[in-house]
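Laboratory data are not the source of any read-out in this text; all were calculated from the coordinates shown. Computed from a predicted model, the values in this text were never measured in an experiment. Cβ: placed from backbone, ideal geometry, glycine included. Neighbour counts: every protein chain shown.
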């Protein structure tokens, strides 16, 4: 515990309990933490560990059902028990928040300049002209080009990374003592994430603002944090300087967390011997996919003359940033997006010009694993009923009862015991739902699986278990997979081959180990360089060596 005079935040014996219909939930138990001015403290742990509740208590952002005890001293003021008016005065001026999803933090009907100025006007008598000048200055500070012009643009006119920069500008507008950054890079591509982390580091150095970083990405922790607090089941199990924690973790849970982090190890997965002789399940030849223009405007070419193939039993990793065309290709293979040019053969059928009636018999040979299984399951059906659905739709079972042996077999395969079959989706954790989603995708024993970012929303330890399960199932059942992701470490673990997309075109393709160990294209090299490694010493060295780095 540091000198309290230099502390931006001093949390002492914080206890938070939520009153629910099922009884009280003790979310945070006796947490004691401090954050010094100019320090980045990362709070890490799985979903439900209490990290977000702890951080939100600094801003008094707990719901009315929460009962908090202890002290949360923010810049000399204990926020526990403050009334709404006093909390409003504290928010923005002493503490501010950067939210995970910038699109929900920005109002779509007002310009970004108006929204930046609104915060300034709410905390004092600032003239319209002064507020606008300050808004332009903040946009310039966070790296928005042409801020004098862009200040009058609306949120939808900015990219995801630029929107996150604007949210950071809003948080900094009133020069708060501490910023709470809640998963600030989770929704961003790896190259944009690197830029945002660099910006946060520079702002900390320039302004002396303390940052409380909530994340499950240990690469981000290694890149940005000075100190780390590890939470488990509402308690702090370990706190240490970042280099010490990564080099010599003391608590078993911390060791598990660090062991679960996917790393680029350049592993060469051998293709099944039968794959070389068999006909490919997918062949794209100069594939073109376009979205038609509206109101007389020209159409948008999302995929431009892309060629690749997937052999039986092969996992192909399709990687690239948002807007690169990877999900569009997945949708075209699934018959959900029409092909505009070239050829796309899926399970022997030509997709260019295919009619729905001709493709319908092939659908049962395709399995899908979605990014968020919570939205793909029917919440009114049990897990068994959800998994049985493909069997019923395609006539492989007459009803849920006759499908039940197959459902139980699938649940065993994904390591979910029979007790989960009769639960509803909301009664399962994120990782358990994703296992059930895998079971449903495999219900009809498909030769081809399409997995669209299936682990990006999961905690690192849960992600590791799901990925290990995926490798085991893929080797056991031998299905081919198009694995869509922006995480190169995941591709390294799973994929036999890799296709790197950039703005609708292939930047590079080949065996995964060959591409990752010796990338030929500048864009691939930039993707690999932008991926933060879960090692603070190595990450600092990489950052110092990279061009345009702000240094450590």
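The table below lists the values:
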{"item": "Distance (nanometres) between label positions extended 7 Å along Cα→Cβ at residue 259 and residue 77", "result": "4.6"}
{"item": "Segment 4-259, relative contact order in percent, only Cα pairs under 8 angstrom and at least six apart counted", "result": "27"}
{"item": "Computed label-point distance, nm, for sites residue 521 and residue 107 using a 7 Å Cα→Cβ extension", "result": "4.2"}
{"item": "Normalised contact order of segment 302-449, rounded percent, pairs of Cα under 8 Å and 6 or more residues apart", "result": "25"}
{"item": "Net lengthening on full extension, residue 544/residue 126 (0.36 nm per residue, minus Cα-Cα)", "result": "146.4 nm"}
{"item": "Centre separation in Å (Cα based) which lies between segment 476-533 and segment 385-425", "result": "34"}
{"item": "Alpha carbon centroid spacing (whole Å) that separates segment 190-204 from segment 92-142", "result": "20"}
{"item": "Nearest-0.05 FRET efficiency for residue 118 and residue 18, computed from C-beta distance (R0 25 Å)", "result": "0.20"}
{"item": "Ranked list, fewest to most other Cβ atoms within 10 Å of each Cβ, for 269, 476", "result": "476, 269"}
{"item": "Degrees between helix 128-141 axis and first principal axis of the chain (Cα, 0 to 90, nearest 10)", "result": "60"}
{"item": "Kirkwood Rh, angstrom, segment 395-473 [1 / mean 1/r, Cα pairs]", "result": "13.3"}
{"item": "Degrees between helix 383-393 axis and first principal axis of the chain (Cα, 0 to 90, nearest 10)", "result": "40"}
{"item": "Shape of segment 158-271, Cα gyration tensor, a/c cut at 1.5", "result": "oblate"}
{"item": "Average Cα contact separation per residue, segment 412-539, under 8 Å, 6 or more apart, as relative contact order %", "result": "17"}
{"item": "Stretch gain in nm, segment residue 89-residue 233, where the contour uses 0.36 nm per residue and the Cα spacing is subtracted", "result": "48.6 nm"}
{"item": "Neighbour-count order for 355, 132, fewest beta carbons within 10 angstrom listed first", "result": "355, 132"}
{"item": "Helix 112-122 axis, angle to the chain major axis (alpha carbon atoms, nearest 10°)", "result": "30"}
{"item": "In nm, spacing of pseudo-spin labels at residue 250 and residue 149 (7 Å Cα→C-beta vector)", "result": "5.6"}
{"item": "Segment 319-351 versus segment 260-281: alpha-carbon centroid distance in Å", "result": "22"}
{"item": "Expected 222 nm ellipticity per residue - DSSP helices of 4 or more, -39500 (n - 2.57), all of the chain, to 500", "result": "-10500 deg cm²/dmol"}
{"item": "Proxy reagent accessibility, fewest Cβ within 10 Å first, across 61, 380, 257", "result": "380, 61, 257"}
